[in-house]
Amino acid sequence: MTATPEILLFQPLRLPGGQIVKNRIAKAAMEENMADTSHLPGAELRQLYRRWAEGGAGLLLTGNVMVAPDAVTGPAGVILDMTQPLQPFRDWAQAGQANGARLWMQINHPGRQVYAATNPQAIAPSAVPVAIEGYAHLFAQPRAMSDTEIAEVIRRFADTAALAEEAGFDGVQVHAAHGYLLSQFLSPLTNRRADRWGGSLENRARILIEIIRAIRARVAPGFGVGVKLNSSDFQKGGFESQDAVAVVRMLNKLPVDLVELSGGSYESPAMHGRPQQVRTRQSTLAREAYFVDFARDIVAEAGMPVMVTGGIRHRATAHAALESEGDRAGVAMVGLGQALAYSPDLPNRWQAGESAVDVPVIHWKNRALSGLATMALTKLQLRRLGAGRSPRPQAWAPWVLARDRLRMARRSRRYRNWLQQRPTA
């Protein structure tokens, strides 16, 4: 007898590599910018992840951990390469595995999406700068990568994955979405190369495929390896839904345990609100889970479990994502992001019969500014949780955003000083 979605949500999920996740709810990655002065996970991150683990999620995905010290998405991000001590990561892993949760490290390289205040130099598939009206000056000017630099990035991803396993993490998720480096390679808007790394989709996906192979050569078979992939960039002429389907078919040939579907980039921040291009069939899905429709298309092609993230607030929406719709199968797992910033024990509350959490929505005319304000509000909640306090959803967004900008400026100066003094890998 087929289990109902309500039962499925709290049933274990066995991944292709043999790892078992206790339920179908994942804490999706959010950028915390809460590293200590050496860009290591400290007491605040341990407290934050322990709260999420105790809150009932089966899988916790960390905020993106940088594979290269000179390329960070934010000035207080965690960095893991061969020069960093492993004990802080061991402590982080232990905290995030409380209550039977699995903890995977999301590993990332930002490529051109680097703030000039942290590093004026950036690498990318091609020398195409970030184009956000009124804000382009905030980002570094990228230069096209050489073959040697591409090989170095592949090695760095494999190094970080191997170190994560050594530190006790259960897996890694390779970030190939949201306009970061691997997403830049996948998109014809940002990848204008004419060599083996550009042109056809097969060539543009080559770096992602090589990274998965390099990681698998360094870790145990049971160590989880996942990929976060855009369903679409939501930019004309960019990476589109049919491209995502084709990339998943390529990943089917590799030992990949989980594919997470999201969407957008800094230029089109769909991950912070429902993009207009997303098709929806139900009023609930129109407000939430705005990538579910794309995910069902991917499920039909994927040889591994598919997870969908983006805007889920209600238990009923999570149930609907797991449920088949006609002849279209549901996803295997749902990812919760901002909802867990405002309610870290939401999975436990769902299991107890509660239904939803309220998350503030920023609707300013300037979409880029709305995205920054949304991130600032979310990061405020994460800092409060890491300090052992309760979320404060009623915080005034303009004030929070202004303080976040000042905090980033201070930490950018601190990061530049740290970068100058650190040993080379």
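The values are calculated or read from the model by the stated rules, or taken from the named source; none is laboratory data. Everything numeric here is computed off the predicted structure, so don't read it as measured data. For neighbour counting, all protein chains shown are included, and Cβ atoms are generated from backbone atoms with ideal geometry for every residue, glycine included. Remember, those area values only see protein heavy atoms, side chains included, never the ligands or the DNA or RNA. Shrake-Rupley method; radii C 1.70, N 1.55, O 1.52, S 1.80 Å.
Taking the stretch 95-151 as the range and being over 29 Å from Leu60 (Cβ atoms) and in a helix (DSSP H, G or I) as the test, the residues that pass are Ala136, His137, Leu138, Asp147, Thr148, Glu149, Ile150, Ala151.
Table: residues versus (1) modelled with pLDDT of 90 or more; (2) closer than 27 Å to Arg46 by Cβ; (3) acidic (Asp, Glu).
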residue: Asp358; (1), (2), (3): no, no, yes
residue: Ala368; (1), (2), (3): no, no, no
residue: Ser390; (1), (2), (3): yes, yes, no
residue: Arg414; (1), (2), (3): yes, yes, no
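Within the stretch 53-70, residues that are under 19 Å from Asp36 (Cβ atoms) and buried (at least 23 other Cβ atoms within 10 Å of the Cβ) reach partners that are of a type in the set (Ser, Thr, Tyr) and at pLDDT 95 or above with beta carbons closer than 7 Å, at six or more positions or on different chains, in the pairs Val65/Thr160; Val67/Thr160. Is the stretch 255-275 home to any residue that is at pLDDT 90 or above, over 30 Å from Phe139 (Cα atoms), open to solvent by 10 Å² or more (accessible area, probe 1.4 Å) and in contact with a Lys or Arg (Cβ under 7 Å, 6 or more places away or on another chain)? Scanning the stretch 255-275 turns up at least one residue that is at pLDDT 90 or above, over 30 Å from Phe139 (Cα atoms), open to solvent by 10 Å² or more (accessible area, probe 1.4 Å) and in contact with a Lys or Arg (Cβ under 7 Å, 6 or more places away or on another chain). Among the residues of the stretch 12-36, the ones that are at pLDDT below 95 and open to solvent by 30 Å² or more (accessible area, probe 1.4 Å) come to 1 in all.
The combined condition, being within 20 Å of the chain's Cα centre (by Cα), hydrophobic (A, V, I, L, M, F, W, C), open to solvent by less than 10 Å² (accessible area, probe 1.4 Å) and over 19 Å from Thr378 (Cα atoms), is fulfilled by Ala93. Of the residues screened, Ala321 is not one that is open to solvent by less than 40 Å² (accessible area, probe 1.4 Å), under 15 Å from Ala26 (Cβ atoms) and at pLDDT below 85. Taking the conditions (1) open to solvent by less than 20 Å² (accessible area, probe 1.4 Å); (2) more than 15 Å from the chain's Cα centre (by Cα) in turn, Tyr180 satisfies each one other than (2). With respect to the conditions (1) open to solvent by 10 Å² or more (accessible area, probe 1.4 Å); (2) under 14 Å from Arg112 (Cα atoms); (3) in a helix (DSSP H, G or I); (4) of a type outside the set (Phe, Trp, Tyr), Thr190 lacks only one, and its number is (3). Residues in the stretch 220-253 that are open to solvent by less than 20 Å² (accessible area, probe 1.4 Å) and at pLDDT 95 or above: Phe223, Gly224, Val225, Gly226, Val227, Lys228, Val247, Val248, Leu251.
Comparison of Leu419, Leu340 shows that the only residue that is within 27 Å of Leu80 (Cα to Cα) and crowded, with 18+ Cβ neighbours inside 10 Å is Leu340.
Taking the stretch 96-127 as the range and being at pLDDT 95 or above, more than 18 Å from the chain's Cα centre (by Cα) and among the polar types (S, T, N, Q) as the test, the residues that pass are Gln97, Asn99, Ser126. His178 meets each of the listed conditions (1) of a type outside the set (S, T, N, Q); (2) modelled with pLDDT of 95 or more; (3) within 29 Å of Gly371 (Cβ to Cβ); (4) part of a loop (DSSP other than H, G, I, E, B) apart from (2).
You will find that of Met375, Met408, the residue that is closer than 24 Å to Met34 by Cα, in contact with a helix residue (DSSP H, G or I) (Cβ under 8 Å, 6 or more places away or on another chain) and of a type in the set (A, V, I, L, M, F, W, C) is Met375 and no other. On inspection, Ala289 does not qualify as within 21 Å of the chain's Cα centre (by Cα) and either modelled with pLDDT of 90 or more or not aliphatic (A, V, I, L, M) (or both).
Determine whether the stretch 196-214 contains at least one residue that is at pLDDT below 95, part of a loop (DSSP other than H, G, I, E, B) and open to solvent by 20 Å² or more (accessible area, probe 1.4 Å). Checking the stretch 196-214: not a single residue is at pLDDT below 95, part of a loop (DSSP other than H, G, I, E, B) and open to solvent by 20 Å² or more (accessible area, probe 1.4 Å).
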